Structures are given as C-alpha cells and as structure tokens.
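Here the structure is laid out as structure tokens; the discussion comes afterwards.
The values are calculated or read from the model by the stated rules, or taken from the named source; none is laboratory data. Fair warning: this is a prediction, and the values are worked out from it, not measured in the lab. Methodologically, a virtual Cβ is constructed for each residue, glycine included, from the backbone with ideal geometry; neighbour enumeration extends over all protein chains shown. Protein only, heavy atoms only, side chains kept; ligands, DNA and RNA dropped before computing areas. Shrake-Rupley method; radii C 1.70, N 1.55, O 1.52, S 1.80 Å.
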Amino acid sequence: MIYLDHNATTPVRPEVREAMWPYLGEEFGNPSSRHGPGRRAREAVERARGQIARLLACDPAEIHFTSGGTEADNWALRGTSASSQGSVVVSSVEHHAVLHAAGELARAGREVVVLPVDGAGRVDPERVLEASEGAAVVSLILANNETGTIQPVAGIGAVLRQRGVPFHVDAVQAFGKIPTRVDDLEADLVSLSAHKINGPKGVGALYVRSGTSLEPWQVGGGHEHGLRAGTENVAAIVGFGAAAAIRREEMASQERRHGRLRDRLESALRERIGDVVVHGHRVHRLSNTLNLSFRGVEAEAILVGLDLEGICASSGSACTEGAADPSHVLLAMGVEPRLAAGAVRFSLGWGNDEAGIDRVVEVLPAIVARLRDLSVF
C-alpha cells in the first residue's frame, strides 16, 4: 500500500505505541488517585503535557487535553462566546468543526461573520481586523487541511489582544509540520490533534493562554485545571506526548523531505497529464500537501482507480468524504464547481518515499486518460 492521505490520519509510529503500551496494561491507575499507580499515571500525563508544550513554546499549564481537534475547536468558539455577546468571526475555508460550531451559535442568535478568501485561499488581515471590532472571538485555520494553504496570522493576534478579542488558531493540520510557537502566532487559543502527527486517535488539546476567559467545556470534577471534567485517557495522552516529542526533533528535516517529494509528484504529473490545475498558495503552503484537479474527470473515479492500484489519496477533508457537493474550501477560493469536483488531495507523511511517488506517476496518467475517454463530465 502507498498511503498518501496523511492529512486525514497518520499511522501510529512504533515508538508511540511502545510509550503507550504500559498504560494499556499494568499501569492502569487513575491520575486523580493518590496511591502509587495513580501518581505514576499523573506523572505520565504531566510529562506528555510538557512534551506538547515544548513544541508550542508555552507553559504546560496552558495545555488542556480533549478528545481531539473537533472538540478543541468547538470549545474555543463556544467557551469564549459564552461570556460575551459579540460576534464570531471566521473565514470561509475553516474546517467544518469551526464552521458548524459557528453555525450553532448563529442559530442561537449570535452574529457570525464569514470572511472571504482570495484565489489562493488566504484571508486579508485588514478585513479580519475590520470585522473584529466588538467580536467575542476570531477563529482562523493556520494551515488548510485540503489545500495546505497557510494563513497570514502573524500580526493579527497582537491587535486583537489590544482590543480584548480572543484569537483562536486551528492548528490541527499545522502542529508538528511547521513551527507553531504560540507567541509567534500571537494566539490566545490553539487547537491540536494527536492523530495528525503519528499519534493515536481520540485525543487532542486546546492551548489556552494564561488570563484568557474561557468557560468550562464540561463539569463534574476538577480535571484539566477545572475546565474539562472527566478521567484522562492516560494511554492516548502519553502517545500524544511521545508523537509531539518526535515531531519536535524531526520537523525541520521532514518538512524538507516532504517538500522534495511533493514537488517531484507535482512536476511529474503536470508534465505527463494535460489540463492539471493546482489549488492553493504556491509558496505559503504545507510542504506535504498537493491538491490538484484533472479537468473533465471526477475525483471519486480517480480515487477508485488509485485504490485498485493500492494507492490511498482523498478528494478533500476526511470529515466530508462521500458528500455529493464539491469542497467548500475550493468553492470559497473561486474554483468553478466542475473543476472542484475533480480535485484530488495527496498528503505525504512518515513512511513515504520516492518509489511510492514514482508509482503514482506511473499509474495515474493512464487512469485519467481512461476516465477522460469515458467522461461526459
């Protein structure tokens, strides 16, 4: 199998599994218990909190564990809006975890401002700041999960802090792939997820800058500094920490390696297949992500052909796979619907190599040619 869908999820690395294993067996203590097993579980949770904090360059006490990025996004929007009547400002290319949370707030009577993006999928910082007057929260995705486009967030947070407006950055797709130091992002809240960085599914985190007003996500105990009640998923949290520690050591080298592989794939496909359109910013994008359309062919048919060859890719966000409509991200960028319907995303990660890329280049032109011969699209 050639797996090129790392933006959807990633395989758990052996080192991460090894770190988790004791907490799925003999080290079963509750981190809130005061006896030996409980204390060891608490030490493991806090060690993982520190490993994640080092990658964000923040205080470990500002990391709050969740069940994943979706929960973190929901908490950031709802938790900041609960104590303010201001508007919620988002972009049109956010992940559905943010857009749907904003939609729920809109149905409850809250004003929601959805900002447009340019043809590369980037917001205009000036428009963000114009819309932020009196807002309860501004939320922007750092790196888009479909196109890899990186938003120009630097500078926005400083102005928002002067205005007393919380700034949430959805870094689920960026964390561990590009630098995400919270002071560089100037963010008050940052969403993270473990399974995007070769950690386990079902665990994420929300960074909350000290002093930021945030309502508890759920009550029932004093867990996570009193903001999210519930016994911690120790094994998953340990895995998240181990994955973050690996990314901290390997991020720069992996970014370079993935960039070379992505460019190899892109140039070869553009050379061998006509009418190829690449989506996203040409410079400000994740090095591991390539989103492109093959004019006249639907993405789903391409993906079936690739799957039969043992190659895994996607047509966009894994959270919307199977949806009949074209990607909301591409439509927001001004891509016409028929072209958007033909978009395929290749996202690289741990385990990919030149041989796998060359295999895609070997089989994909014939798949596209065959589908174009059959197409009435």
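Can you list the residues of the stretch 281-314 with backbone N under 17 Å from a point 7 Å past the Cα of Ser92, pointing along Cα to Cβ?
Within reach of a label on Ser92, which here means backbone N under 17 Å from a point 7 Å along Cα→Cβ, the stretch 281-314 contributes 281.
Could you work out the relative contact order of the chain, using alpha carbon pairs under 8 angstrom and six or more residues apart, expressed as a whole percent?
Relative contact order for the chain comes out at 23 percent.
How large a share of the accessible area of the stretch 202-299, in percent, is made up of carbon and sulfur atoms when the probe is 1.4 Å and the other protein chains stay in place?
44
Under a Cβ-only charge scheme (Lys and Arg +1, Asp and Glu -1), can you give me the dipole magnitude of the chain about the Cα centre, in debye to the nearest 20?
It works out to roughly 520 debye.
Between 0 and 90 degrees, rounded to the nearest ten: what's the tilt of helix 234-272 against the longest Cα principal axis of the chain?
20
Compute the acute angle (0 to 90°) between the alpha-carbon long axis of helix 69-81 and the principal axis of greatest extent of the alpha-carbon atoms of the chain; round to the nearest 10°.
It works out to around 60 degrees.
Which of the peptides 195-201, 183-189, 230-236 is most tightly packed, and how do the rest follow, judged by the mean count of other Cβ atoms within 10 Å per residue?
Ranking, from highest mean packing down: 195-201, 183-189, 230-236.
Per residue of the stretch 117-125, in order, report the coupling 6.51 cos²θ - 1.76 cosθ + 1.60 (Karplus, θ = phi - 60°) as ³J(HN,Hα) in whole Hz, putting x for Gly and Pro.
Working through the residues one at a time gives 10, 7, x, 9, x, 10, 7, 8, x Hz.
Between Val304 and Ser267, what is the FRET efficiency for a Förster distance of 30 Å, r being their Cβ-Cβ separation, to the nearest 0.05?
After rounding, the FRET efficiency stands at 0.75.
Among Ser327, Val368, Gly280, whose Cα lies farthest out toward the positive end of the dipole of the stretch 230-377, if unit charges sit on the beta carbon of Lys, Arg (+1) and Asp, Glu (-1)?
Of the candidates, Gly280 comes out farthest on the positive side.
Quick one: Karplus J couplings for the stretch 217-232, per residue in order, coefficients 6.51, -1.76, 1.60, θ = phi - 60°, nearest Hz, x for Gly and Pro?
Along the stretch 217-232, the couplings run 7, 8, 10, x, x, x, 5, 6, 6, x, 9, 8, 6, x, 4, 5 Hz.
Please calculate how many Å² of accessible area the stretch 255-377 carries per residue, with a 1.4 Å probe and no DNA, RNA or ligand atoms counted.
Result: 46 Å² of accessible area for each residue.
Would you mind computing, in nm to one decimal, how far apart the modelled labels at Val278 and Leu374 are, each placed 7 Å from Cα along Cα→Cβ?
Distance between the two pseudo-spin positions: 2.9 nm.
Quick check: the angle from helix 354-374's long axis to the longest principal axis of the chain, C-alpha only, nearest 10 degrees?
Helix 354-374 sits roughly 60 degrees off the main axis of the chain.
Taking +1 at the Cβ of each Lys and Arg and -1 at the Cβ of each Asp and Glu, which of Ser193, Leu99, Ala136 sits farthest along the dipole of the chain towards its positive end, judged by Cα position relative to the Cα centre?
In the chain, that residue is Ser193.
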